[in-house]
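Contents: one structure, followed by commentary.
The values are calculated or read from the model by the stated rules, or taken from the named source; none is laboratory data. Remember, predicted model here, so these are calculated numbers, not experimental data. All Cβ positions, glycine included, derive from the backbone under ideal geometry; neighbour counts span all protein chains shown.
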Amino acid sequence: MNEIATQDAATIARAVRQGQVKAVDVVRATLARIRVIDVRLKCFTRLLDDEAESDARVVDAMIARGEDPGELAGVPFGVKNLFDVAGVTTLAGSKILRDRKVAQHDATVIQRLRAAGAILVGTLNMDEFAYGFSTENEHYGVTRNPHDPERIAGGSSGGSAAAVAARLLPITLGSDTNGSVRVPAALCGIYGLKPTYDRLSRDGLFPFVNSFDHVGLFASTPQDLACAYEMMRDPDPAAERRADARSGRFATDGLRVGLLGGWFEQHAGEGVLDAVRKVANAFDGAERVELPHADLARSAAFCITAAESGSLHLENLRCRPEDFDHATRARFLAGALLPAEVVIKAQRFRSWFRGQVDAIFDRYDILLAPATLCSAPRIGQQSVYHDGAILPVRANLGLYTQPISFIGLPVVSAPVASDGGMPLGVQIIARQWREDIALGAAAALARKGVVAAKAFDANMISTDKPVFVEGGA
Amino acid sequence: MIALDEAEKGAFVRLAAKAIDLDLRQEFLFPVLQNFDILATHAHAVMAFTIPDDARPEPEPKS
């Protein structure tokens, strides 16, 4: 029975729908496995045992009556703890929100997954208020990387990514403002999808930066990613697009592919560049292309992020600054002090930059870029050394993701093996509203064996092994 | 970019905090200054770029 708990969503749903296994048994096996493994990883901030078992019984009852419980029947999932879950206080990784009332309703995307038969089993750890790339949370602990627990899982949706990477859950939800799905997906060796800005409802999502916040998701196969995404999105009149991503209509030799150079090569380790080249080589005739002023896109994203989020938290910064994580507090305070002229100019630049990139998509179906400049750093590690330069590691984990979310393009982060053993990610970027192309390309690459989720080895998190912590929480 | 010494930066940050009714505690000042320094570098790069005249401000984001 425990084996079913480590399967992908498609396998679980098929078994439940065909009556080979009961949803309640899937949920029990999943929760039992989480209780053993998460002691070490700290992906979860809350388990919803009773609610999950009750929901699973509803699915089993529907099957017994011959009704269709949905495409994700009996599939357990978890959500970053900034999504509203009815009856649970939405924490957003903070201490400050602990004394808020419980949410009255589930976030819209949770309602939709539940309507498809999926079972919510818990909430997941994150950086405080989603402002970070490491999930080293002062209040709820450090989420460890399942492939090496001495390393970070990435963030800010670190609990969501690590839970999928450790095969604790087949599907999890996160949010991506500057890279918070793509960075942890890459560092944990799984698939992550950041859809087009405003594609998935943000109703019931605690905000970080309204201009850039996206609901995103994680899975260990591109098919699961596509299926869960389709269950959450608004109905699309172009029904054929929904089918394309999973049916594999896209082939690697049918796409016009641009390999991003310039900014997207600077500071990257050779292993990272090799990984992107390996993916590019799977396509016929991939061409090198540059996004004009991608460096400024990152700078503008940096400024808007700091200013909007600082403004959002201003009242608590005035009244109870000591209750913030020390690193988050300093970022919010600095952002709150930024002159308005900078934010206005950054938004104007955003409009211009979007036009430049749209024109590039007249020539290409997808663009490829690294997700991060390196594989997962050690917990507490402050800097990376590359090419004669020492770079602060945390701020720079979003180096290649920020220019893309800045203009809201859909991206799949696809996992690639590296020589060093720790996984890397490649961003597959499509034009606005064409998630189907990015998902289809990821599926085509997976069929060729170019990208694949890294297998989880439970021995890696054996409690016999010492855990290295350098200045971590 | 205009060069400021640490005391000048501290004075500017305190004044900006006062404008938004923020009492910036002494123990928070150094990390805020560090972050503001990084932000100022990014802001300066954005402000120095000349956007063609046809670029318009973004509409208000949807809630």
Would a scan of region A:33-56 turn up a residue that is among the hydroxyl-bearing types (Ser, Thr, Tyr) and outside any helix (DSSP H, G or I)?
yes
Filter pass, A:Arg394 being at pLDDT below 95 and more than 11 Å from chain B (Cβ to nearest Cβ):
yes
Within region A:347-357, is even one residue more than 13 Å from chain B (Cβ to nearest Cβ), without any contact (Cβ under 8 Å) to a residue 40 or more places away in the chain and surrounded by fewer than 23 Cβ atoms within 10 Å (Cβ to Cβ)?
no
Starting from residues that are hydrophobic (A, V, I, L, M, F, W, C) and more than 7 Å from chain A (Cβ to nearest Cβ), keep the ones in region B:8-23 and report whichever is farthest from A:Phe332 (Cα to Cα).
B:Ala11
When region A:336-345 is examined, which residues are found to be within 7 Å of chain B (Cβ to nearest Cβ) and assigned to a helix (DSSP H, G or I)?
A:Ala336, A:Val342, A:Ile344, A:Lys345
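So that you can scan it fast, the table gives a plain yes or no per residue for (1) farther than 26 Å from A:Ser134 by Cβ; (2) aromatic (Phe, Trp, Tyr); (3) modelled with pLDDT under 95:
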site: A:Met1; (1), (2), (3): yes, no, yes
site: A:Ile12; (1), (2), (3): yes, no, no
site: A:Ala32; (1), (2), (3): yes, no, no
site: A:Asp38; (1), (2), (3): no, no, no
Among the candidates A:Ala64, A:Ala10, A:Ala32, single out the residue that is closer than 27 Å to A:Arg98 by Cα and surrounded by fewer than 20 Cβ atoms within 10 Å (Cβ to Cβ).
A:Ala32
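Can you pull out every residue in region A:288-322 that is more than 14 Å from chain B (Cβ to nearest Cβ) and touching a Gly at 6+ places or on another chain (Cβ under 6 Å)? Explain how you work it out, then say what you get.
Step one: filter region A:288-322 for residues more than 14 Å from chain B (Cβ to nearest Cβ), giving A:288-291.
Selection gives A:Arg288, A:Val289, A:Glu290.
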Matching residues in region B:1-34 - criterion: being free of Cβ contacts under 8 Å to residues at least 24 places away in the same chain and in a loop (DSSP other than H, G, I, E, B):
B:Ile2, B:Ala3, B:Leu4, B:Asp5, B:Ile20, B:Asp21, B:Leu22, B:Asp23, B:Leu24, B:Arg25
Residue under evaluation A:Leu368, criteria (1) of a type in the set (A, V, I, L, M, F, W, C); (2) surrounded by 18 or more Cβ atoms within 10 Å (Cβ to Cβ); (3) within 14 Å of chain B (Cβ to nearest Cβ), criterion not met:
(3)
Hey, among the residues in region A:215-244 that are touching an Asp or Glu at 6+ places or on another chain (Cβ under 8 Å) and at pLDDT below 75, which one's nearest to A:Gly78 (Cα to Cα)?
A:Arg242
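Restricting to region B:39-62, name every residue that is at pLDDT 90 or above and at the interface with chain A (Cβ under 7 Å from one of its Cβ atoms).
Passing the criteria: B:Leu39, B:His42, B:Ala43, B:Ala45, B:Val46, B:Met47, B:Phe49.
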Selection count, region A:199-222, where residues are part of a loop (DSSP other than H, G, I, E, B), among the aliphatic types (A, V, I, L, M) and in contact with a Lys or Arg (Cβ under 9 Å, 6 or more places away or on another chain)
1
